[in-house]
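Worksheet for the structure shown next.
The values are calculated or read from the model by the stated rules, or taken from the named source; none is laboratory data. Computed from a predicted model, the values in this text were never measured in an experiment. Virtual Cβ from ideal backbone geometry, glycine too; neighbours counted across all protein chains shown.
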Amino acid sequence: MEDATSAKNSFDRAEYRDAERTYEKMLNEVPNNIYVLSNLGVAYFRDGKNRLSEETLKKAVTVAPEDTFSWCTLGIVYYQEKRFDDAINALTRALAIDPRYAVAHNYLGITASQKGWQDAARKELLTAIDINPNYADANFNLAVVYAEENPPNLDLARQYYKRALELGAEPDAGLEQMLK
């Protein structure tokens, strides 16, 4: 338990290498522990080690195929790598397990947007917001989708961007320029 606390504290301080070392040590002791695998996968991801993150999260979903968090995080890794089809598959798997997982809906929405599927993107982002109205990232991402439509829906884009800012999202100069 002490190692888990130490690893979490390191992670919370953005000391990802320290967190990795502790989780790796724990993994040697309990190689199929879903908590250790999923958190190590996230630590690798935050440290920019996408390949190690992907390998660790794949092991996590093999050990615990019903672990929504690991499937969603694997989808996020794929999204960051611009492997959109793989991201869609992993995120869809997460949502098959827990249809009310707002983070998975958010990432499925932005992945759909990257694929040019704007209707699906809007639907997923609206679902994420319906599940969690205080989800700043989903509000922000929906604002971007509306701003990038052809023609842009600037009224809705402004509404969701304003809400995202109220919820703590960082201002975005590029989006603000689009909303003028």
Give 167, 91 a once-over and let me know the one that is modelled with pLDDT of 95 or more and either within 30 Å of residue 65 (Cα to Cα) or charged (D, E, K, R) (or both). 91
Members of the range 149-158 found to be out of contact with any helix residue (DSSP H, G or I) (no Cβ under 8 Å at 6 or more places or on another chain) and either at positive phi or not in a loop (DSSP other than H, G, I, E, B) (or both), listed by number: 155
Take the residues in the range 96-121 that are part of a helix (DSSP H, G or I) and without any contact (Cβ under 8 Å) to a residue 24 or more places away in the chain, then tell me which one is surrounded by the most Cβ atoms within 10 Å (Cβ to Cβ). 120
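Residue-wise test of (1) crowded, with 19+ Cβ neighbours inside 10 Å; (2) assigned to a helix (DSSP H, G or I); (3) modelled with pLDDT under 95.
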{"residue": "17", "(1), (2), (3)": "no, yes, yes"}
{"residue": "20", "(1), (2), (3)": "yes, yes, yes"}
{"residue": "23", "(1), (2), (3)": "yes, yes, yes"}
{"residue": "27", "(1), (2), (3)": "no, yes, yes"}
{"residue": "31", "(1), (2), (3)": "no, no, yes"}
{"residue": "39", "(1), (2), (3)": "yes, yes, yes"}
{"residue": "59", "(1), (2), (3)": "yes, yes, no"}
{"residue": "62", "(1), (2), (3)": "no, yes, no"}
Matching residues in the range 1-55 - criterion: being hydroxyl-bearing (Ser, Thr, Tyr) and either over 22 Å from the mean Cα position of the chain (by Cα) or under 21 Å from residue 67 (Cα atoms) (or both): 5, 6, 22, 23, 35, 38, 44, 53
